[in-house]
Each structure stands twice: as C-alpha cells, then as structure tokens.
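Trainee: Here's a structure for you.
What follows draws every value from the coordinates through simple rules; no lab data is involved. Values in this document were obtained by computation on a predicted structure and should not be read as measured data. Reconstructed Cβ throughout: ideal geometry from the backbone, glycine too, with neighbour counts over all protein chains shown.
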Amino acid sequence: MKIAIVAQHATPLRPWTDGTGPRPDDAGLTDLICMLARHGHRVTVYCEKRNADLPDRAELCDGAWVEHIPSGNASRRTADADLLARVPTFSEPLRARWRLNRPDVVHAFRWTSGLAALAAARDLGIPVVQSFSTLGFAERRDHAPASTTASARPIRLESARIRLEPAIGRSADAVVAGSSAEVSDLTQLGVPRTSVRCVPWGINTDEFAPEGPVAERGGRPRLLTAADLTEREPLVTLLRALTKVPEAELMIVGGPARARLASDAAYRGLAAMTGTLGLTDRVVFTGRVDRASMPGLLRSADLVLSTCSYDPSGVTSLEAMACGRPVLAPPTGGHVDAVVDGTTGIIIPPGRPAQLAQRIRQLLAHPMLIEAYGVAAVDRVRSRYSWDRIAAETVTVYERAAA
C-alpha cells in the first residue's frame, strides 16, 4: 500500500522543541512510520519546511521518505494559529504531488493537517484518515493549559478549532481515536461512530524496557511524575500527598530546561509551595529531560504517578509500565484503557491527597506487590501497545477506508 502521512506541524528529521521538548506523540511518529515501512508499505511523510537547511526529500528509513514543503514564511512558528494560516499554501503543493503520484490512502495528524489533507485530496478519490491526538473541546472541558490563556487571539483560535474539528472528523473517511474516551468524545461531537476506530498510540518496547541503565538515586523510595508545571492544582495535590509519605522523595520531570527553571513562573510557584510544606529536601525538579534519558529515570522510580488533568494518550504512563513500573493515574484519557486497576497500577480519583498518600504507603510497604504490578505492566504494554501491533491495526483502518 502507498501511504501518505501529513504532519504539517513536525518533521521526523528534526523534531520541533519550544524549550519543553517534543510532544510524546510527535516523538513516536517516526516509530509508526518506520514500522509501517517494515510491514512492506511505501510511506511518504509530508511536513512543512521550517528551516532552509532541511532537504526537500530525504529517506527516513528503508521504505519511508520525508518531503518538506515550503509553505510561505513558515520559519520556526508551529503554533496552531500560524499553522492554520499556512494551510492553503501547504495543501496546494500536496494536491499537485498527489495528482502526479496518487497514494492509496492519506493519514493526517492533528487538525490543521486534516484541513490540508482534505483540501488536497478533494475530487481525487483518495481516502483520508484523521488522527487528532488531542481535541480542543476536551482540552477546554478538562482545563488543559492550552485553553486557559486570557489572550484574545488564542481564545478566537480555540473557538475556531472547536468548530472545525467535528467538521474534519465528519469529512474524513475514517478517524483514529487513541482511547475509548476519545471515541466517546468524537461521537459526542457528531462524528459517526461507524467511522471511528480505536487504535492507541504505541510504545517503543526496545527503548522502554525493564532492562537497561538506571539513573542514580539515594536510599529513599522514589516517586516520579512527568508533568506540565503549568498544571498547578494536580501537582499541589501530589505535594500534599507527599507530606503524608514521610519516607519518600518525589522527582518532578518537566518544564523548561533545568538552567531556565529559576526564571519560570510556574516553577517558582511550585518551589514556594514545596518550601511551605517542608518538602524542599525531598522534592527534585529536573526540568526538561530528553527522550534518551527517560527510560533510565523511569527505571529508577518505585512508583510513577500521573497528575495530568487531560492526557489523551497516556504515553508517559505507558513508558513507565514498559519499564516495569506501576502507575498511579486518574481515570481520564488513555489511562482508562492502559492502566488495569489493581493489576498494573492504581486508578485513583484526582484531587484527593489523603487517599493518594494512603495508596502510595500501601504499595511501598509491599515490595513484592510492586514487583508483581511491574511484571503485569510490562506484559500489558508489550501485548497491546507495541508498535508492531499498532501498525497492523492502523493498516486495517487504511484498508477499510480505501474499500
């Protein structure tokens, strides 16, 4: 099958970072593309040419290529507003390419890519598959940071996005949802249930595995969370829980690079709260951590906790599970499918520090239970979330859409 991947926002050759690192779903895009190629398909990825030194065409892996399309003054701006403004100049070259070399199916990632793909494929008879990764209406409902700004321009953009995403979903031949929660959200938006297929985001089980280097740690039990520092309330809940687990330390991964933490307002607020609670000697803010260092950090933890109010894929929790670490997470987004409560980790309601502390103490008091959860977690990820399986399920969606 000849597959066209449209990812206006990100090139696999040089993942974009704004100082907080690439999004987990962007980091995994190369894994999916190369696994599709390993399954015998020919894959071409179409991205914006944000840097003059990027090649017009380059081989990503055996059977997969990247094409960079100049689309106006793309520069380095990948905010949704800038991507939306450049959709027409991005989609026109796509249409010209597909007229000459027609793909069997197009798979668009994120909403602006969906707009470009639908415009380019119009009247060409090419089926379009859409993945949103995250939905604007769900971000607003669950108060994700992207939707809390007071600036007028982002608010207008958010409203446009919330109007457009259902239209994109209804226009596509198929929509890939990353979790059962996203399936429910899409049907609530009016996307026909028959066109939605649930295929979660995958995990590189060679990179994230129980075996491998382990980051240094002291003698205390280690709790670890990977969090957006602007999501203050969930992190405050976690800090309050830590006051009731006096023997443990907490490592908070995320935010800007460590050298820039001191100038970050969100960090300063949380650091002040840490001092107020008397936790300064038991809480470590690492700042942004590159992808290569994450497996070792995850292996160094006894428990991994998720504090995200909106996490459609639950990728970091899955990476922790792949490394053999139990996860404590709220019943939201991808966690509902990924974490088997009482088997691979604990599902716990948000905003309850006393209950969270109690479950942490119970687990830390039973190392054999932690080990059993970890073994089950590894098996869960390898059997359900390996890229080999995810690629096969994605191809099934393509075949149905093409039929």
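Trainee: Once you have a ≥ b ≥ c as the square roots of the Cα gyration tensor eigenvalues for segment 286-336, tell me rounded if a/c is under 1.5, and otherwise prolate or oblate according to whether a/b is larger than b/c.
Mentor: It is prolate, given that a/c is not under 1.5 and a/b is the larger ratio.
Trainee: On to the next question. With charges set only on the Cβ (+1 for Lys and Arg, -1 for Asp and Glu), what does the dipole of the chain come to about its Cα centre, in debye to the nearest 20?
Mentor: With Lys and Arg at +1 and Asp and Glu at -1, about 660 debye.
Trainee: Would you mind checking which residues have amide H under 5 Å from residue 198's amide H? H placed 1.01 Å from N; only 5 or more apart, or other chain.
Mentor: 177
Trainee: Still on this structure: Note the angle between two axes, namely the Cα long axis of helix 29-38 and the longest principal axis of the Cα atoms of the chain, as a number of degrees from 0 to 90, rounded to the nearest 10.
Mentor: Computed tilt is about 60 degrees.
Trainee: If you don't mind, another one. Based on alpha-carbon centroids, what's the gap between segment 82-127 and segment 370-388 in Å, whole number please?
Mentor: 37 Å
Trainee: How big is the dipole moment of segment 222-384 about its Cα centre under a simple scheme where the beta carbon of each Lys and Arg is +1, that of each Asp and Glu is -1, and everything else is neutral? Debye, nearest 20, please.
Mentor: 160 debye
Trainee: Could you work out the relative contact order of the chain, using alpha carbon pairs under 8 angstrom and six or more residues apart, expressed as a whole percent?
Mentor: Relative contact order for the chain comes out at 16 percent.
Trainee: Using +1 at the Cβ of each Lys and Arg and -1 at the Cβ of each Asp and Glu in the chain, identify which of 209, 396, 4 lies farthest towards the dipole's positive end.
Mentor: Checking the options against the dipole of the chain, the answer is 4.
Trainee: For residue 388 and residue 1, what does the FRET efficiency come to when R0 = 22 Å and r is the distance between their Cβ atoms, rounded to the nearest 0.05?
Mentor: Efficiency for this residue pair is about 0.85.
Trainee: Mind listing the long-range amide H neighbours of residue 328? Cut-off is under 5 Å, sequence gap 5 or more, other chains count too, H placed in the peptide plane at 1.01 Å from N.
Mentor: Long-range HN contacts for residue 328: 304, 305, 306, 346.
Trainee: Another question, if that's okay. Can you sort 223, 84 so the residue with the fewest Cβ neighbours within 10 Å comes first?
Mentor: Exposure proxy ranking, most exposed first: 84, 223.
Trainee: Taking the Cβ of residue 37 as the center, what net charge do the other residues with Cβ under 14 Å away carry, scoring Lys and Arg +1 and Asp and Glu -1?
Mentor: Neighbourhood net charge equals -1.
Trainee: Measure nothing fancy, just the Cα-based angle from helix 387-402's long axis to the longest principal axis of the chain, in degrees from 0 to 90, nearest 10.
Mentor: Rounded to the nearest ten degrees, it is 30.
Trainee: Put a dot 7 Å past each Cα toward the Cβ at residue 365 and residue 194; how far apart are the dots in nm?
Mentor: In this crude label model, residue 194 to residue 365 measures out at 5.5 nm.
Trainee: Applying 1/(1 + (r/R0)^6) with R0 = 25 Å to the Cβ-Cβ distance of residue 38 and residue 293, what FRET efficiency is obtained, to the nearest 0.05?
Mentor: 0.40
Trainee: Under 1.5 on a/c is rounded, so check that first for segment 222-384, then, if it is not, pick prolate when a/b is larger than b/c and oblate when it is not; a ≥ b ≥ c are the square roots of the alpha carbon gyration tensor eigenvalues.
Mentor: Verdict is prolate for segment 222-384.
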